[in-house]
Amino acid sequence: MGGLADPEAAFHLYAFIGGTPGYRRGVAGRQPPSSPADVERWVMDEVVTPDGTLYDEPSYVLREDPRMVDRSLYQTVLQHIAQGHTTPTKIGARMERPATALEHPLRVLLESRIITKEEDVLYQRKISYHLSDPLLRFHHLVVQPRVHDAELGNAEAVWAAARDTVQSKILGPAFEEVCRRWTRVYGLERLGLDGGGEVGETTISCPECRKSHQIDVIMLGPGEQARSKSPAVSALGEAKYTAEPRGSADLHRLDHLRAVITAKRVPAEDAKLVIFARNGFTADLEAEARRRGDVVLVTLADLY
(Lines give C-alpha, C1' and ligand atoms only; values in the text may rest on other atoms or scores of the structure.)
Protein backbone atom coordinates (compact mmCIF):
# COMPACT_ATOMS: atom_id res chain seq x y z
CA MET A 1 0.00 0.00 0.00
CA GLY A 2 1.86 3.03 -1.25
CA GLY A 3 1.07 6.68 -0.82
CA LEU A 4 1.09 6.85 2.97
CA ALA A 5 2.11 10.34 4.07
CA ASP A 6 3.31 9.31 7.54
CA PRO A 7 6.70 7.53 7.32
CA GLU A 8 6.11 5.71 10.60
CA ALA A 9 2.74 4.39 9.40
CA ALA A 10 4.32 3.30 6.12
CA PHE A 11 7.12 1.52 7.96
CA HIS A 12 4.78 -0.25 10.39
CA LEU A 13 2.61 -1.46 7.53
CA TYR A 14 5.68 -2.79 5.72
CA ALA A 15 6.97 -4.47 8.90
CA PHE A 16 3.64 -6.27 9.40
CA ILE A 17 2.63 -7.29 5.86
CA GLY A 18 5.51 -6.34 3.56
CA GLY A 19 5.11 -5.04 0.05
CA THR A 20 3.58 -8.04 -1.74
CA PRO A 21 1.19 -6.68 -4.41
CA GLY A 22 -1.39 -9.37 -3.72
CA TYR A 23 -1.63 -8.31 -0.09
CA ARG A 24 -2.09 -4.69 -1.12
CA ARG A 25 -4.80 -5.62 -3.61
CA GLY A 26 -6.60 -7.40 -0.80
CA VAL A 27 -7.41 -4.07 0.81
CA ALA A 28 -7.93 -2.04 -2.36
CA GLY A 29 -10.68 0.51 -2.08
CA ARG A 30 -10.28 0.99 1.65
CA GLN A 31 -9.07 4.19 3.20
CA PRO A 32 -5.35 3.58 3.82
CA PRO A 33 -4.13 3.91 7.42
CA SER A 34 -2.65 7.34 8.06
CA SER A 35 -0.91 6.84 11.43
CA PRO A 36 0.69 4.02 13.42
CA ALA A 37 -2.51 3.78 15.49
CA ASP A 38 -4.53 3.39 12.29
CA VAL A 39 -2.13 0.67 11.12
CA GLU A 40 -2.59 -1.15 14.44
CA ARG A 41 -6.37 -1.06 14.06
CA TRP A 42 -6.17 -2.10 10.42
CA VAL A 43 -3.93 -5.06 11.27
CA MET A 44 -6.31 -6.24 13.98
CA ASP A 45 -9.21 -6.07 11.51
CA GLU A 46 -7.50 -7.60 8.48
CA VAL A 47 -4.76 -9.89 9.81
CA VAL A 48 -5.68 -10.91 13.37
CA THR A 49 -9.46 -11.30 12.98
CA PRO A 50 -10.63 -14.57 11.29
CA ASP A 51 -12.89 -12.81 8.79
CA GLY A 52 -10.10 -10.39 7.84
CA THR A 53 -8.79 -10.31 4.27
CA LEU A 54 -5.31 -11.62 5.17
CA TYR A 55 -6.03 -13.89 8.14
CA ASP A 56 -5.80 -17.14 6.16
CA GLU A 57 -3.08 -16.01 3.77
CA PRO A 58 -0.15 -17.65 5.66
CA SER A 59 -1.84 -21.06 5.53
CA TYR A 60 -1.91 -20.94 1.73
CA VAL A 61 1.85 -20.55 1.46
CA LEU A 62 2.68 -24.16 2.29
CA ARG A 63 -0.20 -25.59 0.28
CA GLU A 64 1.26 -24.30 -2.96
CA ASP A 65 4.30 -26.61 -2.86
CA PRO A 66 3.45 -30.33 -3.26
CA ARG A 67 6.76 -31.28 -1.62
CA MET A 68 5.50 -30.02 1.74
CA VAL A 69 3.45 -33.08 2.61
CA ASP A 70 4.07 -32.88 6.35
CA ARG A 71 2.87 -29.29 6.80
CA SER A 72 3.16 -29.45 10.59
CA LEU A 73 6.91 -30.04 10.22
CA TYR A 74 7.34 -27.01 7.99
CA GLN A 75 5.13 -24.85 10.18
CA THR A 76 7.22 -25.80 13.22
CA VAL A 77 10.46 -24.94 11.42
CA LEU A 78 9.03 -21.56 10.40
CA GLN A 79 7.81 -20.92 13.93
CA HIS A 80 11.29 -21.44 15.39
CA ILE A 81 12.95 -19.29 12.74
CA ALA A 82 10.46 -16.49 13.44
CA GLN A 83 11.27 -16.71 17.14
CA GLY A 84 14.95 -16.12 16.44
CA HIS A 85 16.35 -19.67 16.30
CA THR A 86 17.93 -19.10 12.92
CA THR A 87 20.62 -21.77 12.49
CA PRO A 88 20.02 -25.48 11.77
CA THR A 89 21.61 -26.39 15.09
CA LYS A 90 19.34 -24.08 17.08
CA ILE A 91 16.23 -25.12 15.17
CA GLY A 92 17.13 -28.77 15.65
CA ALA A 93 17.67 -28.27 19.39
CA ARG A 94 14.21 -26.72 19.76
CA MET A 95 12.68 -29.64 17.84
CA GLU A 96 14.87 -32.27 19.55
CA ARG A 97 16.25 -33.37 16.19
CA PRO A 98 19.77 -33.40 14.76
CA ALA A 99 20.56 -30.51 12.43
CA THR A 100 21.10 -33.00 9.58
CA ALA A 101 17.42 -33.99 9.80
CA LEU A 102 16.47 -30.45 8.77
CA GLU A 103 18.53 -30.30 5.59
CA HIS A 104 15.62 -31.31 3.35
CA PRO A 105 12.88 -29.07 4.80
CA LEU A 106 15.24 -26.09 4.90
CA ARG A 107 16.22 -26.68 1.28
CA VAL A 108 12.57 -26.89 0.22
CA LEU A 109 11.72 -23.70 2.09
CA LEU A 110 14.67 -21.96 0.45
CA GLU A 111 13.75 -23.13 -3.03
CA SER A 112 10.18 -21.99 -2.43
CA ARG A 113 11.54 -18.58 -1.34
CA ILE A 114 9.64 -18.81 1.94
CA ILE A 115 12.90 -18.35 3.82
CA THR A 116 16.15 -16.63 2.89
CA LYS A 117 19.72 -17.53 3.76
CA GLU A 118 21.97 -14.86 5.26
CA GLU A 119 25.73 -14.87 5.73
CA ASP A 120 28.06 -12.61 7.68
CA VAL A 121 29.58 -10.04 5.31
CA LEU A 122 33.06 -10.12 6.85
CA TYR A 123 33.61 -13.62 8.16
CA GLN A 124 33.06 -17.22 7.12
CA ARG A 125 30.49 -18.35 9.64
CA LYS A 126 27.48 -20.60 9.81
CA ILE A 127 24.56 -19.36 7.78
CA SER A 128 21.32 -18.19 9.31
CA TYR A 129 17.77 -18.40 7.99
CA HIS A 130 15.03 -15.78 8.06
CA LEU A 131 11.41 -15.60 6.92
CA SER A 132 11.22 -13.74 3.63
CA ASP A 133 7.59 -12.61 4.02
CA PRO A 134 6.78 -10.11 6.82
CA LEU A 135 3.16 -11.32 6.92
CA LEU A 136 4.36 -14.86 7.60
CA ARG A 137 6.65 -13.58 10.34
CA PHE A 138 3.76 -11.62 11.87
CA HIS A 139 1.51 -14.66 11.77
CA HIS A 140 3.99 -16.93 13.53
CA LEU A 141 4.96 -14.38 16.19
CA VAL A 142 1.64 -12.73 16.92
CA VAL A 143 -1.34 -14.77 15.72
CA GLN A 144 -0.26 -18.38 16.01
CA PRO A 145 0.85 -18.28 19.70
CA ARG A 146 -2.59 -16.86 20.61
CA VAL A 147 -4.69 -18.48 17.92
CA HIS A 148 -7.45 -19.39 20.41
CA ASP A 149 -8.10 -15.72 21.19
CA ALA A 150 -7.83 -14.87 17.50
CA GLU A 151 -10.38 -17.49 16.51
CA LEU A 152 -12.74 -16.10 19.14
CA GLY A 153 -12.42 -12.68 17.51
CA ASN A 154 -10.56 -11.20 20.47
CA ALA A 155 -7.99 -9.30 18.40
CA GLU A 156 -7.34 -6.73 21.13
CA ALA A 157 -6.18 -9.45 23.54
CA VAL A 158 -3.90 -10.94 20.87
CA TRP A 159 -2.37 -7.56 20.14
CA ALA A 160 -1.96 -6.57 23.80
CA ALA A 161 -0.16 -9.82 24.62
CA ALA A 162 2.18 -9.40 21.67
CA ARG A 163 3.30 -5.78 22.13
CA ASP A 164 6.80 -6.60 23.38
CA THR A 165 7.22 -9.22 20.65
CA VAL A 166 6.09 -6.74 18.00
CA GLN A 167 8.72 -4.23 19.13
CA SER A 168 11.66 -6.59 19.58
CA LYS A 169 11.10 -9.27 16.92
CA ILE A 170 9.14 -7.46 14.21
CA LEU A 171 9.71 -3.70 14.21
CA GLY A 172 13.35 -3.86 15.32
CA PRO A 173 14.52 -6.42 12.72
CA ALA A 174 12.38 -4.82 10.00
CA PHE A 175 14.01 -1.45 10.69
CA GLU A 176 17.45 -3.01 10.30
CA GLU A 177 16.34 -4.58 7.00
CA VAL A 178 15.03 -1.25 5.69
CA CYS A 179 18.26 0.51 6.69
CA ARG A 180 20.39 -2.06 4.88
CA ARG A 181 18.20 -1.78 1.78
CA TRP A 182 18.36 2.04 1.86
CA THR A 183 22.14 1.90 2.18
CA ARG A 184 22.41 -0.49 -0.75
CA VAL A 185 20.02 1.34 -3.09
CA TYR A 186 19.98 5.01 -2.07
CA GLY A 187 22.76 5.57 0.41
CA LEU A 188 25.82 6.36 -1.69
CA GLU A 189 24.98 10.00 -2.38
CA ARG A 190 23.94 10.69 1.22
CA LEU A 191 27.07 9.01 2.53
CA GLY A 192 29.26 10.94 0.10
CA LEU A 193 30.64 7.79 -1.49
CA ASP A 194 31.48 7.26 -5.16
CA GLY A 195 30.68 3.58 -4.96
CA GLY A 196 30.05 0.69 -2.64
CA GLY A 197 30.08 -3.08 -2.45
CA GLU A 198 27.95 -5.67 -0.70
CA VAL A 199 25.73 -4.53 2.18
CA GLY A 200 24.73 -6.74 5.08
CA GLU A 201 25.53 -7.27 8.75
CA THR A 202 28.41 -8.73 10.70
CA THR A 203 29.35 -9.86 14.18
CA ILE A 204 32.80 -9.11 15.53
CA SER A 205 34.54 -10.17 18.69
CA CYS A 206 36.18 -7.56 20.90
CA PRO A 207 39.25 -8.81 22.80
CA GLU A 208 39.12 -5.78 25.10
CA CYS A 209 35.57 -6.31 26.38
CA ARG A 210 35.59 -10.08 25.77
CA LYS A 211 32.28 -10.28 23.99
CA SER A 212 30.79 -10.17 20.51
CA HIS A 213 29.09 -7.17 18.95
CA GLN A 214 26.60 -7.13 16.11
CA ILE A 215 26.94 -4.39 13.51
CA ASP A 216 23.52 -3.80 11.96
CA VAL A 217 24.73 -2.30 8.67
CA ILE A 218 28.07 -2.76 6.96
CA MET A 219 28.95 -1.73 3.41
CA LEU A 220 32.10 -3.02 1.76
CA GLY A 221 34.16 -0.94 -0.62
CA PRO A 222 33.64 -1.02 -4.41
CA GLY A 223 34.68 -4.33 -5.91
CA GLU A 224 35.31 -5.99 -2.55
CA GLN A 225 34.12 -9.56 -2.11
CA ALA A 226 32.23 -10.57 1.01
CA ARG A 227 34.06 -12.96 3.33
CA SER A 228 37.32 -12.48 1.46
CA LYS A 229 40.58 -11.74 3.23
CA SER A 230 40.57 -8.21 4.67
CA PRO A 231 37.96 -6.50 2.43
CA ALA A 232 37.89 -2.70 2.70
CA VAL A 233 34.87 -1.28 4.52
CA SER A 234 33.07 1.87 3.30
CA ALA A 235 30.43 2.29 6.01
CA LEU A 236 29.31 0.96 9.39
CA GLY A 237 25.82 1.61 10.72
CA GLU A 238 23.77 1.35 13.89
CA ALA A 239 19.99 0.90 13.41
CA LYS A 240 17.79 0.79 16.51
CA TYR A 241 14.04 1.36 16.38
CA THR A 242 13.53 3.04 19.75
CA ALA A 243 11.13 5.77 20.88
CA GLU A 244 14.02 7.72 22.40
CA PRO A 245 16.33 9.80 20.19
CA ARG A 246 19.68 8.17 19.57
CA GLY A 247 22.64 9.77 21.32
CA SER A 248 26.41 10.06 21.42
CA ALA A 249 26.74 6.61 23.00
CA ASP A 250 25.76 5.12 19.64
CA LEU A 251 28.50 7.06 17.88
CA HIS A 252 31.10 6.13 20.48
CA ARG A 253 30.13 2.46 20.05
CA LEU A 254 30.63 2.70 16.29
CA ASP A 255 33.96 4.48 16.83
CA HIS A 256 35.04 1.61 19.06
CA LEU A 257 33.88 -1.10 16.64
CA ARG A 258 35.61 0.60 13.72
CA ALA A 259 38.84 0.55 15.74
CA VAL A 260 38.32 -3.14 16.60
CA ILE A 261 37.80 -4.04 12.94
CA THR A 262 40.82 -2.02 11.87
CA ALA A 263 42.95 -3.75 14.51
CA LYS A 264 41.97 -7.05 12.88
CA ARG A 265 43.69 -5.80 9.70
CA VAL A 266 40.44 -5.03 7.91
CA PRO A 267 40.77 -1.60 6.19
CA ALA A 268 37.98 0.34 7.91
CA GLU A 269 39.73 3.45 9.24
CA ASP A 270 38.01 5.65 6.63
CA ALA A 271 34.57 4.04 6.92
CA LYS A 272 31.63 6.39 7.35
CA LEU A 273 29.69 5.93 10.59
CA VAL A 274 25.92 5.97 10.06
CA ILE A 275 23.28 6.16 12.79
CA PHE A 276 19.68 5.40 11.81
CA ALA A 277 16.92 6.61 14.14
CA ARG A 278 13.16 6.43 14.46
CA ASN A 279 12.76 9.66 16.44
CA GLY A 280 15.80 11.77 15.68
CA PHE A 281 18.95 12.47 17.66
CA THR A 282 20.07 14.19 20.82
CA ALA A 283 21.56 17.68 20.56
CA ASP A 284 25.02 16.48 21.60
CA LEU A 285 25.07 13.83 18.86
CA GLU A 286 23.95 16.34 16.23
CA ALA A 287 26.66 18.76 17.36
CA GLU A 288 29.33 16.06 17.22
CA ALA A 289 28.16 14.98 13.75
CA ARG A 290 28.48 18.58 12.52
CA ARG A 291 32.07 18.75 13.82
CA ARG A 292 33.11 15.57 12.07
CA GLY A 293 33.13 14.63 8.42
CA ASP A 294 32.72 10.89 8.91
CA VAL A 295 29.32 10.79 10.65
CA VAL A 296 25.94 10.60 8.90
CA LEU A 297 22.60 10.78 10.73
CA VAL A 298 19.56 9.25 8.99
CA THR A 299 15.97 9.53 10.20
CA LEU A 300 12.94 7.43 9.36
CA ALA A 301 11.69 10.30 7.20
CA ASP A 302 14.98 10.20 5.26
CA LEU A 303 14.53 6.49 4.62
CA TYR A 304 11.12 7.08 3.08
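The values are calculated or read from the model by the stated rules, or taken from the named source; none is laboratory data. Computed from a predicted model, the values in this text were never measured in an experiment. Glycine also receives a Cβ, built like all others from the backbone with ideal geometry; neighbour counts cover every protein chain displayed. With ligands, DNA and RNA removed, areas are computed over all heavy atoms of the protein, side chains included. Shrake-Rupley method; radii C 1.70, N 1.55, O 1.52, S 1.80 Å.
By the scheme Lys and Arg +1, Asp and Glu -1, what is the net charge of all other residues having a beta-carbon under 13 Å from that of ALA249? With Lys, Arg at +1 and Asp, Glu at -1, the neighbours total -3. Residue by residue, region 144-151 carries 3J(HN,Hα) couplings of 4, x, 10, 5, 4, 5, 4, 5 Hz when phi is fed to the Karplus relation 6.51 cos²θ - 1.76 cosθ + 1.60 (θ = phi - 60°); x denotes Gly or Pro. In the chain, the longest principal axis of the Cα atoms and the axis of helix 7-17 are about 50 degrees apart. In vacuum, with every alpha carbon of region 95-250 counted as one equal point scatterer, what does the Debye formula give for log10 I(q)/I(0) at q = 0.10, 0.18 Å⁻¹? Two decimals, please. For region 95-250, the Cα-only Debye profile gives -0.50, -1.27.
Computed 3J(HN,Hα) for region 179-191, one whole-Hz value per residue from the Karplus formula 6.51 cos²θ - 1.76 cosθ + 1.60 where θ = phi - 60°, is 5, 5, 5, 4, 4, 5, 9, 10, x, 4, 5, 5, 7, glycine and proline marked x.
Ligands, DNA and RNA left out, the accessible area of region 89-176 computed with a 1.4 Å probe is 48% carbon and sulfur.
For the peptides 4-14, 182-192, 201-211, 231-241, the ranking by packing is 231-241, 4-14, 182-192, 201-211, with the highest mean count of neighbouring Cβ atoms within 10 Å listed first.
Applying the Karplus relation 6.51 cos²θ - 1.76 cosθ + 1.60 with θ = phi - 60° to region 249-258 yields 3J(HN,Hα) values of 4, 5, 5, 5, 5, 5, 4, 5, 5, 4 Hz, where x marks Gly and Pro. For region 93-208, the per residue solvent-accessible surface stands at 53 Å², with DNA, RNA and ligands left out and a 1.4 Å probe. The peptide list 55-63, 135-143, put in order of mean Cβ contacts within 10 Å with the highest first, becomes 135-143, 55-63.
The accessible surface of region 180-304, taken with every protein chain in place and a 1.4 Å probe, is 47 percent carbon and sulfur.
The computed Cα extents along the principal axes in Å for the structure shown corresponds, within (i) 56, 47, 32; (ii) 78, 44, 40; (iii) 53, 51, 35, to (i).
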